[in-house]
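Each remark here refers to the structure printed beneath this line.
The values are calculated or read from the model by the stated rules, or taken from the named source; none is laboratory data. The model shown is predicted, which means the values in this text are computed figures rather than measured ones. Note that we place each Cβ from the backbone using ideal geometry, even for glycine, and neighbour counts take in every protein chain shown. Side chains are part of the model used for accessible areas, which takes the heavy atoms of the whole protein and leaves out ligands, DNA and RNA. Shrake-Rupley method; radii C 1.70, N 1.55, O 1.52, S 1.80 Å.
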Amino acid sequence: MPISTKVLRKTGPTEPFEVATIERRDPRADDVVIDIKAAGICHSDIHTIRNEWGEAHFPLTVGHEIAGVVEAVGDEVTEFKVGDRVGVGCMVNSCGECEQCRNGQEQDCLNGNVGTYNSPDVDGTITQGGYAQKVVVNKNFVLRIPEGIDFDVAAPLLCAGITTYVPLARWDVKEGDKVAVVGLGGLGHMGVQIAAAKGAEVTVLSRSMRKADEAKKLGADRTLATAEDPDFFKNHRGEFDFILSTISASYDLGDYLKLLKPRGVMSVVGLPPEQMGIYMRHLVGGGKVLTGSNIGGIRETQEMLDFCAKHKIGAVIEKIGVDDVDEAYDRVVEGDVRFRFVIDTETFDKHNR
């Protein structure tokens with residue numbers, strides 16, 4: 001039987017959010033039904049539902065930073081039971097058979113993974129995301145949220161956390177490494193905490209010193225203002241083993257590559273809208289690496305959650321109600337959030353229609 005749930009949705013890119021009741025797909029034998037407790041707001045949600053990444057399927061509910069409790073499981077589900085603390089990230093399914101899926105890299109599924117929202121689901125409907133009271137997810141895409149991490153600070157880990165954890169793990173950032181995190185927003189503030197927990201010497205690179213105190217509280221050893229010194233890139237040439245770029249605005253890649261030591265790595269997780277070019281000499285000289293990274297597989301995501309629990313890492317959030325999301329979107333675009341908005345799904349109860 002389909003699951004009825006309240007959701008927060010838009011009927012068009014310029015329409016305000018509205019609370020509505022929809023039916024999730026009929027749970028299958030390998031599905032988990034989750035009672036959502038908290039849902040993070042990612043900038044990707046905004047790009048999608050405002051049609052900035054192409055035409056979205058309306059009416060649409062977004063949200064892929066989901067934390068909650070198992071409400072029911074299908075007959076074939078033995079990994080989870082009612083009452084378990086769980087989360088869901090950016091994917092709710094994949095083919096499970098291609099090389100990438102077999103290697104635990106479902107985000108790179110060669111047949112296309114099923115996104116948590118705005119994606120064709122297994123029954124032909126369009127997936128609806130986590131700004132909701134309930135969601136139905138294939139068991140293989142459900143994560144365990146360890147005890148000790150509250151739902152509201154855990155939810156953003158399912159996107160912002162895994163996005164920054166993977167490149168730091170993949171490139172073996174370790175104790176003593178000199179790491180620069182470019183930008184201190186929803187992604188950057190997670191990157192600082194994770195790199196610091198790995199024992200790295202962390203520097204935040206920002207245009208100004210406005211967030212220096214916050215960066216220090218998150219574990220950064222220092223903040224450097226790139227816009228306040230006309231010779232910044234010259235004066236800090238060759239300082240860093242690893243640079244994690246989280247910003248979504250355009251910038252000069254060559255300048256930042258100059259900051260790397262020989263054989264250093266710069267990993268880009270932010271997604272600027274414009275094409276950015278470099279001179280190959282910036283890579284060839286010093287044998288440097290420029291790479292990108294996009295979320296992570298399910299095994300990696302569970303590894304990240306366990307790492308965060310061990311090191312007592314969570315997102316720094318501002319909790320809001322379902323009636324505050326339109327304003328929150330504008331504030332995200334303006335950079336006016338420290339550092340992630342999270343929707344308290346109990347506020348759906350005020351809408352009893």
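For Arg144, state whether it is in contact (Cβ under 8 Å) with a residue 40 or more places away in the chain, of a type outside the set (Gly, Ala, Ser) and either surrounded by 23 or more Cβ atoms within 10 Å (Cβ to Cβ) or touching a Ser or Thr at 6+ places or on another chain (Cβ under 9 Å) (or both). Step through it out loud before you land on a result.
Working: in contact (Cβ under 8 Å) with a residue 40 or more places away in the chain: yes; of a type outside the set (Gly, Ala, Ser): yes; either surrounded by 23 or more Cβ atoms within 10 Å (Cβ to Cβ) or touching a Ser or Thr at 6+ places or on another chain (Cβ under 9 Å) (or both): no.
Criteria not met by Arg144.
From Ser94, Ser4, which residue is open to solvent by less than 60 Å² (accessible area, probe 1.4 Å) and of a type in the set (Gly, Ala, Ser)?
Just a single option satisfies the conditions, and that option is Ser94.
For segment 37-59, which positions are out of contact with any Lys or Arg (no Cβ under 6 Å at 6 or more places or on another chain) and of a type in the set (A, V, I, L, M)?
Of segment 37-59, the ones out of contact with any Lys or Arg (no Cβ under 6 Å at 6 or more places or on another chain) are 37-39, 41-48, 50-58.
Result: Ala38, Ala39, Ile41, Ile46, Ala56.
Which count do you get for residues in segment 332-352 that are touching a strand residue (DSSP E or B) at 6+ places or on another chain (Cβ under 9 Å) and open to solvent by less than 50 Å² (accessible area, probe 1.4 Å)?
Of the residues in segment 332-352, 12 are touching a strand residue (DSSP E or B) at 6+ places or on another chain (Cβ under 9 Å) and open to solvent by less than 50 Å² (accessible area, probe 1.4 Å).
For Ala309, are the conditions met, namely being in a loop (DSSP other than H, G, I, E, B) and farther than 15 Å from Pro167 by Cβ? Walk me through how you get there before you give the answer.
On the way: in a loop (DSSP other than H, G, I, E, B): no; farther than 15 Å from Pro167 by Cβ: yes.
In short, no.
Could you please find all residues in segment 43-63 being open to solvent by 10 Å² or more (accessible area, probe 1.4 Å) and not small (Gly, Ala, Ser)? Explain how you work it out, then say what you get.
Here is the first cut: in segment 43-63, the ones open to solvent by 10 Å² or more (accessible area, probe 1.4 Å) are 43-44, 47-48, 50-59.
Once the filter is applied, which keeps residues that are open to solvent by 10 Å² or more (accessible area, probe 1.4 Å) and not small (Gly, Ala, Ser), segment 43-63 yields His43, His47, Thr48, Arg50, Asn51, Glu52, Trp53, Glu55, His57, Phe58, Pro59.
Residues that are among the basic types (Lys, Arg), at pLDDT 95 or above and not in a loop (DSSP other than H, G, I, E, B): does segment 282-294 have at least one? Break it down into steps so the answer makes sense when it comes.
First, pick out the residues of segment 282-294 that are among the basic types (Lys, Arg): 288.
The next check asks that each one be at pLDDT 95 or above; those that pass are 288.
This time we only want the ones that are not in a loop (DSSP other than H, G, I, E, B), so: none.
No, because not a single residue in segment 282-294 is among the basic types (Lys, Arg), at pLDDT 95 or above and not in a loop (DSSP other than H, G, I, E, B).
Just name the residue that is least open to solvent (accessible area, probe 1.4 Å) out of those in segment 256-282 that are small (Gly, Ala, Ser) and without any contact (Cβ under 8 Å) to a residue 40 or more places away in the chain. First the steps, then the outcome.
At the first step, the residues of segment 256-282 found to be small (Gly, Ala, Ser) are 264, 267, 270, 277.
Right, trim to without any contact (Cβ under 8 Å) to a residue 40 or more places away in the chain and you get 264, 277.
Numbers: Gly264: 3, Gly277: 66 Å².
Residue satisfying both the conditions and the ranking: Gly264.
Report whether or not Tyr117 is open to solvent by less than 20 Å² (accessible area, probe 1.4 Å), more than 14 Å from Gly297 (Cβ to Cβ) and modelled with pLDDT of 95 or more.
Numbers: open to solvent by less than 20 Å² (accessible area, probe 1.4 Å): no; more than 14 Å from Gly297 (Cβ to Cβ): yes; modelled with pLDDT of 95 or more: yes.
For Tyr117, the condition - open to solvent by less than 20 Å² (accessible area, probe 1.4 Å), more than 14 Å from Gly297 (Cβ to Cβ) and modelled with pLDDT of 95 or more - is not met.
So how many residues does segment 16-29 have that are closer than 29 Å to Glu79 by Cβ and surrounded by 15 or more Cβ atoms within 10 Å (Cβ to Cβ)? Walk me through it before giving the result.
First, pick out the residues of segment 16-29 that are closer than 29 Å to Glu79 by Cβ: 22-29.
So of that shortlist, the ones also surrounded by 15 or more Cβ atoms within 10 Å (Cβ to Cβ) come out as 22, 24-25, 27-28.
Here the count works out to 5.
Please go through (1) out of contact with any strand residue (DSSP E or B) (no Cβ under 6 Å at 6 or more places or on another chain); (2) of a type outside the set (D, E, K, R); (3) farther than 25 Å from Lys319 by Cα for Gly183 and return the number of the only condition it doesn't satisfy.
(3)
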